[in-house]
Amino acid sequence: MNLVALPAFSDNYIWMLHDGRQAIVVDPGDAAPVADALDARGLALAGILVTHHHPDHVGGLAALRPRLQGDGTRVWGPAREKIPAPFMPLTDGDRVAVIGLEFQVIEVPGHTAGHIAYFLPAGAAGSPVLFCGDTLFSGGCGRLFEGTPAQMHRSLGRLAALPGDTRVCCAHEYTESNLRFAAAVEPASADLAAYTASCRALRAAGRPTLPSTIAQERAINPFMRCDAPAVIAAARGRGVTDPSGAAVLGALREWKNQF
Ligand code: ZN
Ligand code: FE
């Protein structure tokens, strides 16, 4: 199995998993990069996974449907969101079987109310893979457009509990700006300094900083570290009196919005 990040728009990635014959793609906001990648590699499109309803994640669906194998029902998405029909609606704990792989659905509300993530355990594709849309970014998390800090805190907690070697496939290249904020939260973190240097080198070489790993995010992502003493102290410095994870996350998110 090959895992490929297809750049789209200014900073989106459309993730593709393929076995040399068949491919699935995640969140095709634009059809053109997907069509180009399928044609260049001689791949058939076997399925489309959608994490949430935003246009930069579903905008390419209509143009890609004619390329889908089978009866056109091989589009999966969150049951609680308005995705261009037809699609197979998914809720927490559902499984998606496609190209010999079985994904587990995890509901991760916060960025949007019905956002889902797709987790592929270790197996045919190698180490585990997570397609997390706009919930978890390397060094950050999605804006809270439809959900609460408590929801996002719980959602990120569920993702943090996945195996450390899980490859984290986020839908945007926001890493460098997230790491500038993370350094304001935890200026003394050596892990953060080392990771920032490696990400800068990747970007300078024109390469994605993704996938990250769950272990990496647990070490450096302030939104996954709301129970770390240094992160709680930084939130207290911003006026937070309640040290609960949800309150700390809410304070970080507001701080980041203005950063
Ligand atoms: Zn979004
Ligand atoms: Fe997005």
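Probing with 1.4 Å while keeping every protein chain in the model, the per residue accessible area of the stretch 2-258 equals 40 Å².
Solvent-accessible surface (1.4 Å probe) assigned to residue 223 amounts to roughly 0 Å².
Solvent-accessible surface of protein heavy atoms, probed at 1.4 angstrom with all chains present, puts 138, 244, 10 in the order 10, 244, 138, largest first. Label zone of residue 184 (point 7 Å out along Cα→Cβ, amide N under 17 Å): in the stretch 213-240 this covers 221-224, 231-240.
Taking Cα atoms of the chain, Rg/Rh with Kirkwood Rh, to two decimals?
Details: Rg = 18.0 Å, Rh = 18.5 Å.
Taking Rh as the inverse mean 1/r over Cα pairs, Rg/Rh reads 0.97.
When each of the peptides 116-124, 171-179 is scored by the mean number of other C-beta atoms lying within 10 Å of its residues, the order from highest to lowest reads 171-179, 116-124. Heavy-atom accessible area, probed at 1.4 angstrom with all protein chains present, ranks 167, 74 as 74, 167, highest first. For the pair the stretch 153-179 and the stretch 13-69, the centres of their Cα atoms are 22 angstrom apart.
Report the relative contact order of the chain, percent, no decimals, based on alpha-carbon pairs under 8 angstrom and at least 6 residues apart. Display every interim value, and only then the final one.
On the way: 540 pairs, mean separation 34.2, N = 259.
Reported as a whole number, the value is 13 percent.
Here the gap between residue 177 and residue 40, fully extended at 0.36 nm per residue and compared with their Cα-Cα distance, gives a gain of 46.1 nm.
Between the C-alpha center of the stretch 100-145 and that of the stretch 183-206 there is a gap of 23 Å. Each of 148, 33, 123 was scored by the projection of its Cα onto the charge dipole of the stretch 2-258, and the greatest displacement toward the positive side belongs to 148; charges sit on the C-beta of Lys, Arg, Asp and Glu.
Under the simplified labelling scheme, the residue 227-residue 1 pair shows an inter-label distance of 2.9 nm, with each label point 7 Å from Cα along Cα→Cβ.
Multiplying the residue separation of residue 201 and residue 85 by 0.36 nm and removing their Cα-Cα distance gives an extension gain of 37.6 nm.
Counted residue by residue at 0.36 nm each, then reduced by the alpha carbon distance between them, the extension gain from residue 148 to residue 215 reaches 21.6 nm.
When the accessible area of the chain is split by element with a 1.4 Å probe, what percent falls to carbon and sulfur? Before the final figure, lay out each step's value.
Details: 5440 of 10420 Å².
Using a 1.4 Å probe with all protein chains present, the chain comes out at 52 percent carbon and sulfur.
For the listed peptides 55-67, 97-109, a ranking on the average number of other beta carbons within 10 Å per residue, highest first, reads 97-109, 55-67.
Note on the chain: helix-only mean residue ellipticity at 222 nm, from DSSP H runs of 4+ residues weighted -39500 (n - 2.57) and normalised by residue number, equals -9500 deg cm²/dmol.
The values are calculated or read from the model by the stated rules, or taken from the named source; none is laboratory data. All of these numbers come straight from a predicted model, not from anything done at the bench. Don't worry about glycine lacking a Cβ; one is built from the backbone with ideal geometry, like all the others, and counts go over all protein chains shown. The area values use the complete protein model at the heavy-atom level, side chains included, leaving out ligands, DNA and RNA. Shrake-Rupley method; radii C 1.70, N 1.55, O 1.52, S 1.80 Å.
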